[in-house]
1. Step by step: first the residues of segment 1-58, then only those that are more than 16 Å from LYS217 (Cβ to Cβ), polar (S, T, N, Q) and more than 16 Å from ligand 2 (Cβ to nearest atom), then the one that is modelled with the highest pLDDT. Which residue is that?
2. Do the conditions hold for GLU166, that is, is it farther than 24 Å from ASP340 by Cβ and of a type outside the set (S, T, N, Q)?
3. If you go through segment 125-143 one residue at a time, do you hit one that is in contact with a Pro (Cβ under 9 Å, 6 or more places away or on another chain), more than 25 Å from LYS342 (Cα to Cα) and buried (at least 20 other Cβ atoms within 10 Å of the Cβ)?
4. Which strands (runs of 3 or more DSSP E) sit wholly inside segment 303-411 and have at least 1 residues that are on the phi > 0 side of the Ramachandran plot?
5. Specify which of the listed residues (LYS50, LYS58) is without any contact (Cβ under 8 Å) to a residue 60 or more places away in the chain, within 16 Å of ligand 1 (Cβ to nearest atom) and either small (Gly, Ala, Ser) or touching a Phe, Trp or Tyr at 6+ places or on another chain (Cβ under 9 Å) (or both).
6. Out of the residues in segment 64-93 that are within 16 Å of ligand 1 (Cβ to nearest atom) and in a strand (DSSP E or B), which is nearest to LEU162 (Cα to Cα)?
7. Among the listed residues GLU40, GLU33, identify the single one that is within 9 Å of ligand 1 (Cβ to nearest atom) and either under 18 Å from ASP208 (Cα atoms) or acidic (Asp, Glu) (or both).
8. Does LYS407 qualify as being touching a residue at least 12 places away in the same chain (Cβ under 8 Å) and buried (at least 22 other Cβ atoms within 10 Å of the Cβ)?
Amino acid sequence: MLSETILEMKDISKSFPGVKALDSVDFKLRKGEIHALMGENGAGKSTLIKVITGVYEKDAGLITLYGEPINFKTPEEAQNKGIGTVYQEITLCPNLTVAENMFIGRSHSPVIKWRQMNEKAAQLLDSLGIPASPIQELASCSLAVQQMIAIARAVDMDCKILILDEPTSSLDEDEVQKLFTLMRELKERGVGIIFITHFLEQVYEISDRITVLRNGKLVGEYETISLPQIELISKMLGNVLEDITTLKKHGPIVFDTSTPVFEGKGLSSTAGVRPFDFAIQKGEVNGFAGLLGSGRSESVRAIFAADKTTGGEVRMKGKRVKIKTPLHAMKQGIGYLPEDRKGDGIIEDLSVRDNIILALQVMKGFFKPFSKNQAQIFADEYIGKLNIKTPTANTPIKSLSGGNQQKVILARWLLTNPEYLILDEPTRGIDVGTKVEIQKLVLNLAASGMSLTFISSEIDEMIRTCTRLIVMKDREIVGELRGSELTESDVMTVIAQGGRTHE
Ligand code: ADP
Ligand code: MG
């Protein structure tokens, strides 16, 4: 049984100088559905949202809400008709209380008195299962809870449509699950939710339907369960699909095992991985697979000495070396792109150029800074090589898109010319086009003789890129798969069957 259509958009067009952001797009939202709006960066998703909510005026087309034509001139009008919107950046006031953030500044605020406001906030928080007190300062809540409070503010009592434009970008796995619980609760109440995210696995976890846009045009509308992930990607990317399906592992599957580029025996760290052996050959790409928390990141951090090492013997090209600090590792020709781009990777306030030269500068020593000219030459070289989209090398890195920030961090490590490069989740949270570019880059680097470790939560991505997968569970290695054995279900089987037999 099809449920009722709440919102219908027909033949919507919107142009900006020089770009047709929306070209005759149709979109339908039903009652009680979670509808993922998908498309690469620049596809027109945010513009479509802004046309609904009255931020932009459409050039052409018709929008109906419950069959009535609408044409909101301001976001407040949309909010008053029960359309709530939450953007990626939380736009609340950190110094105000939770309740104040929920009600203050609302054009039809239902409350005047403080106590009444707090009571009302308590009710709403409770009914939505949000773990916060009305009187606590917003800043004292976790990011996820703040995000939920933004939603609580948006949903109002009689919200009919909730729009979430990339709300999960800065949330961790637990926080995402809390947000999903809230979304499911609202769905139960009949709210229609438009959900924009770069995380494909989230789309498959939570959405009922998917609408795909590409270059401002509608590609189609699909039931989530009947659209395989690879097809979704191909619809988002269009002709680039060729690249992704033919993306092939270069190089030999069986490597010369005489002298590995890196060889570690009994590696361990304070982060608590079980002592493990690991070696990688020249030109090899290996991956560490396993569920979240299985010890993938802790293992590579032990290799790079990013966490304090507690044991192990390391050889580089057969020669015994000491790696006690990341700087030792770098000087031995190892590079490491950390999982947490925001926390460990980018330096927000520095320019693209300064972010690119950082690792090389660390190796050289901060007392011998590169000349501005030299830094510029390095930066320009890699902006070109990696196709980094930035106005200039001088632009602050924080104003770039996530995918381009990630390329800057990659450039930082490539500039050090490592023999062994570790990439921990380099494609997480970035657009599909850049993902494919990074996968291709990994294969090209391997073909040129670099050894790489490539970790991704998306197993299919590792399968396309790696010649060998090390499978981890509960902080130890439980299996290894290579070559033609590599399928997603094999990896799952090893994870399911693996585990400690000696306890
Ligand atoms: P998405 O959200 O899917 O990444 P957008 O809707 O933000 O895409 O952008 C669609 C296109 O419209 C892009 O080419 C973008 O550069 C352009 N665009 C969006 N907003 C504006 C604006 N305010 N002025 C000029 N161009 C814009
Ligand atoms: Mg957008």
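1. Within segment 1-58, the match that is modelled with the highest pLDDT is THR5.
2. Working: farther than 24 Å from ASP340 by Cβ: no; of a type outside the set (S, T, N, Q): yes.
No, not satisfied.
3. yes
4. Working: elements: 309-316, 319-321, 334-337.
Answer list for segment 303-411: 309-316.
5. On the way: LYS58 fails: either small (Gly, Ala, Ser) or touching a Phe, Trp or Tyr at 6+ places or on another chain (Cβ under 9 Å) (or both).
Only one candidate qualifies: LYS50.
6. THR85
7. Details: GLU33 fails: within 9 Å of ligand 1 (Cβ to nearest atom).
Checking each option against the conditions leaves just GLU40.
8. yes
The values are calculated or read from the model by the stated rules, or taken from the named source; none is laboratory data. Predicted model, so just to flag it, every value in this text is computed and none were measured. For neighbour counting, all protein chains shown are included, and Cβ atoms are generated from backbone atoms with ideal geometry for every residue, glycine included.
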